[in-house]
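The values are calculated or read from the model by the stated rules, or taken from the named source; none is laboratory data. Keep in mind that this is a model prediction, so the values were computed, not measured. Here the Cβ is made from the backbone with ideal geometry for all residues, glycine too, and neighbour counts use every protein chain on show.
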Amino acid sequence: MPDTLEKNKAVMRKMLEAFNTGKTEVVQQLLSPQIQDHSRKLGLEAQVRAMDPIRRVKTEILRHDDIFPDKHFKEVFLVAEGDMVVMQWVMTGTHKSELMGHRATGKRVETHGVEFIRVKDGKIVEHRDDGAHVFDVLFQLDMLTPDVVKMLRTGDASLGAGLRTAPAHA
């Protein structure tokens, strides 16, 4: 069992590394095509929310790169029990791209998040996150306005304006 726990933790660490490096190829290796994703998908327009999970996560990685090119995700803690893995992370980065109709602010942000995954045969088969980091970042950038909250709630198409979207995969 200890070996399995370490392998499951390695899956989570590889996904975190993909967010750090911007290398989206690893997503297809780590996510099961049948993943049960219970995340809120905040900050994403309805079209991206509706994408298959592999393409959506690739898009999230690309957009983190677009908005915070110097971003760095760091593991705060990582716990595994059975097939479940929980990680708290911290992300720091400088806002360098247009976001939700607001020009780049050049402000440095630091936010935290928690990811919960279930791993089977080396693939993530279930995912949950807290989503609060989206509001935290927008607050730090002075962008948490009623209009932006409405955009987040509805998945407004302008949420992804000027940002990359991962191509469909075969």
Going through L163, L159 one at a time, which residue ends up being crowded, with 16+ Cβ neighbours inside 10 Å, part of a loop (DSSP other than H, G, I, E, B), modelled with pLDDT under 95 and among the hydrophobic types (A, V, I, L, M, F, W, C)? L163
I want to confirm something. Restricting to segment 83-110 and keeping residues that are assigned to a loop (DSSP other than H, G, I, E, B) and touching a residue at least 40 places away in the same chain (Cβ under 8 Å), which single residue is nearest to H127 (Cα to Cα)? D83
Can you name every residue in segment 101-128 that is surrounded by 19 or more Cβ atoms within 10 Å (Cβ to Cβ) and either at pLDDT below 95 or among the acidic types (D, E) (or both)? E115
Return the pair list, or none, for Cβ contacts closer than 6 Å from residues in segment 2-21 that are under 16 Å from D83 (Cβ atoms) to residues that are in a helix (DSSP H, G or I), at least 6 apart or on different chains. V11/L30; M15/L30
How many of the residues making up segment 40-54 are over 19 Å from R153 (Cα atoms) and in contact with a Ser or Thr (Cβ under 8 Å, 6 or more places away or on another chain)? 0
Selection from segment 144-156 of residues that are surrounded by fewer than 17 Cβ atoms within 10 Å (Cβ to Cβ) and more than 18 Å from the chain's Cα centre (by Cα): L144, T145, P146, D147, V149, K150, T154
If we keep only residues of segment 52-85 that are closer than 19 Å to V134 by Cα and either touching an Asp or Glu at 6+ places or on another chain (Cβ under 6 Å) or among the hydrophobic types (A, V, I, L, M, F, W, C) (or both), then the residue modelled with the lowest pLDDT is P53
Some residue of segment 117-128 being under 30 Å from E6 (Cβ atoms) and part of a loop (DSSP other than H, G, I, E, B): yes
Taking only segment 125-153 into account, find how many residues are in contact (Cβ under 8 Å) with a residue 60 or more places away in the chain and in contact with an Asp or Glu (Cβ under 9 Å, 6 or more places away or on another chain). 5
